[in-house]
Every structure is written in C-alpha cells, then in structure tokens.
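Student: Structure below; questions to follow.
The values are calculated or read from the model by the stated rules, or taken from the named source; none is laboratory data. If you're wondering where the values come from, they're calculated on a predicted model, not measured in any experiment. Every residue, glycine as well, gets a Cβ built from its backbone with ideal geometry; the counts of neighbours run over all protein chains shown.
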Amino acid sequence: MSSNERPVEVNEINAAWSRRGASKDNGTRKDQVLSAETRLPRQRLGVNVDHVATLRNARGGHHPDPIRAAHLAVAAGADGITAHLREDRRHIRDDDMRRLKAELTCPLNFEMAATNEMLAIALQTLPHACCIVPERREERTTEGGLDVAGARNALKPVVDQLKNASIRISLFIEPDPAQIDAAAMIGADIVELHTGSYCENVLAVDSAAIQSELVRLTEAARHADARGLEVHAGHGLTFNSVEPVAAIPQIVELNIGHFLIGEAVFSGLTPAIGRMRRLMDAARSMGADD
C-alpha cells in the first residue's frame, strides 16, 4: 500500500458497496450490479501515459519517453493506451501521437477537444478511437464531463467526420441520462463515464456520498447499455476505489493514468499495472460467489 492511501478508505467503500445492495429505495439492488451466477466478462484496462510526458517536459529533452512507457504498460497487462493531445501541449506532443500510432500493436485512444486543429490531427493519425473531452487551458486536469446535450450542433459534425474515417467515437460525460441520450443521438459509439465525483468522495471518506455516486454510475451504465452504447469509465481511480466500479457489469473498459504513473515512481510501472489488473479481475469474479 502506498503512503497516500489509507485502509479506512477501503472499509468505507466496502460498507457503501454493501449498503447499495441492501438499499430498497434507490432502485438498484446489488444483484443488478454483480452477476450471481456467472463470472463477468474480462474488463479492459486502458493506461493513459500523459504524465510520463509531463515528467519529461518538466526538464525538456526525451526522457522519460511516454512511448517506452506505453510498451511497458502493454507488456504488464494494459489492453490499450490513451494519450491526450491538448491545445497547449502541456504533456503529450504531436510527435508522441505519431510514434504511438506507428509503434503500438494495441488500440490507441486519442483524447481530444472538439476543435478544428485536433480534428485535423486525428484524421491524419487515424487512431483506433477518439475520446472527445471538455478542455480549458487554465484547468490542471479535465474537471468534468462534456456537455453533449448543450453542444449537439457543434459536436455532431466532428463525430461524423471521425466516424467517416472509421474511428470509433467516445464521449467523456457525467453519469447523467440526459448526456447519455444526447451522446446516442449524435452517433457516438462509446460513452466514458466520469468517475471523478466518486473518487473525490472516496478521498473524503464520505460513505453516504460514495454510495450515492456508485448508484449513479451503475444506473448510468445500465442506461447507456440499453441505448446501445459501449460503456467505459475513468478519472481518479486508485487501488482503493477501483473495485466497485470495475464490478459494474456494463462497464467494459476502465481508463486510468495519473495514479498508475504516480505509483510507478514508488513500485515501478509493471507492478502498479499488475496490481490494478488483479483488482479489476477480482471485482469481475465476485459475481460468481455473490
């Protein structure tokens, strides 16, 4: 266990997770979240290598190399690699995207804002998927989900052009039915549910809020699946918080970056990814015994 993780967090999450199953008035029973008869399908892990580039850029030069980290991540059990090319190039650079596309044998998920510049780069790079995210220059990290419902007219042409290039389209959104419905209406293939609020409540050790956010994520995942969307999730997940989210049956992929890169400083990237992979697998197998 790393020094910045407290055992009490695990206890609080487990308590909230159990209460979610026992609750009769929130519309979600635990047996709707975990399969009681069969092991859930293996869940994919996407590893975001942005903050390897952050460390490189802090001093300049070429070390550490995010592409080398991507190869290590895949060898350690990652199913795909995510990289976010921001307008200000604060971490990933254009050449990083070109090299990732050229060298990776696994899917590349290109995170991007819905701008003309990023659209042109994505169409030139032709990644497996593009995840469209909100972006503000002054933010330290992505601070919330994309307002698809309020920006359908602006997003639809971007989605159409990417889909015409055979790129899968993911939209990073809050676990909100209105946003899910809007994502389906403009032709997205995938929604990635923002887990930031859940993770913040884990850090605050707020069991009631943890329970509420898990119910919200579960109901959103079920709604998105019913609308024919593939469901991913991510943002802020750690060893202590990942299992309840990994156990939601409709979520087929988790994308995790900053925490894994931070843990790699202490334990190495391969052990960090291996531990996350084992926690995800354990969460998916719990349905066989519940």
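Student: Out of the residues in the stretch 232-272 that are touching a Lys or Arg at 6+ places or on another chain (Cβ under 9 Å) and acidic (Asp, Glu), state the one that is farthest from LEU203 (Cα to Cα).
Tutor: GLU253
Student: Would a scan of the stretch 67-74 turn up a residue that is part of a loop (DSSP other than H, G, I, E, B), out of contact with any helix residue (DSSP H, G or I) (no Cβ under 6 Å at 6 or more places or on another chain), surrounded by fewer than 22 Cβ atoms within 10 Å (Cβ to Cβ) and not hydroxyl-bearing (Ser, Thr, Tyr)? Quick ask: steps written out before the conclusion?
Tutor: Step one: list which residues in the stretch 67-74 are part of a loop (DSSP other than H, G, I, E, B), which gives none.
The answer is no, given that none of the residues of the stretch 67-74 is part of a loop (DSSP other than H, G, I, E, B), out of contact with any helix residue (DSSP H, G or I) (no Cβ under 6 Å at 6 or more places or on another chain), surrounded by fewer than 22 Cβ atoms within 10 Å (Cβ to Cβ) and not hydroxyl-bearing (Ser, Thr, Tyr).
Student: Identify, please: which residue in the stretch 79-101 is acidic (Asp, Glu) and more than 17 Å from LEU55 (Cα to Cα) and is, among those, surrounded by the fewest Cβ atoms within 10 Å (Cβ to Cβ)?
Tutor: Going through the stretch 79-101, the residues acidic (Asp, Glu) turn out to be 79, 87-88, 94-96.
The next check asks that each one be more than 17 Å from LEU55 (Cα to Cα); those that pass are 79, 87.
Working: ASP79: 17, GLU87: 13.
That would be GLU87.
Student: Also, I was wondering about something else. Please determine whether any residue of the stretch 123-131 is of a type outside the set (Ser, Thr, Tyr), within 16 Å of HIS51 (Cβ to Cβ) and either surrounded by fewer than 22 Cβ atoms within 10 Å (Cβ to Cβ) or at pLDDT 95 or above (or both).
Tutor: Initial filter on the stretch 123-131 (of a type outside the set (Ser, Thr, Tyr)): 123-124, 126-131.
Keeping just the survivors that are within 16 Å of HIS51 (Cβ to Cβ) gives none.
The answer is no, given that none of the residues of the stretch 123-131 is of a type outside the set (Ser, Thr, Tyr), within 16 Å of HIS51 (Cβ to Cβ) and either surrounded by fewer than 22 Cβ atoms within 10 Å (Cβ to Cβ) or at pLDDT 95 or above (or both).
Student: Filter the stretch 250-290 down to residues that are closer than 26 Å to LEU171 by Cβ and of a type in the set (Gly, Ala, Ser) and give me whichever is surrounded by the most Cβ atoms within 10 Å (Cβ to Cβ).
Tutor: Among them, the one singled out is GLY257.
Student: Out of all the residues in the stretch 213-223, is one or more farther than 20 Å from GLY144 by Cα and either in a loop (DSSP other than H, G, I, E, B) or under 15 Å from the mean Cα position of the chain (by Cα) (or both)? Reasoning before the result, please.
Tutor: Of the residues in the stretch 213-223, the ones farther than 20 Å from GLY144 by Cα are 222.
Narrowing the set further to residues that are either in a loop (DSSP other than H, G, I, E, B) or under 15 Å from the mean Cα position of the chain (by Cα) (or both) leaves none.
No, because not a single residue in the stretch 213-223 is farther than 20 Å from GLY144 by Cα and either in a loop (DSSP other than H, G, I, E, B) or under 15 Å from the mean Cα position of the chain (by Cα) (or both).
Student: Oh, and also: Out of the stretch 75-93, which residues are part of a strand (DSSP E or B) and among the aliphatic types (A, V, I, L, M)? Before the answer, list the steps.
Tutor: Narrowing the stretch 75-93 to residues part of a strand (DSSP E or B): 80-84.
Result: ILE81, ALA83.
Student: Let me ask something additional. How many residues does the stretch 54-103 contain that are touching a residue at least 24 places away in the same chain (Cβ under 8 Å) and within 16 Å of GLN124 (Cβ to Cβ)?
Tutor: Result for the stretch 54-103: 11.
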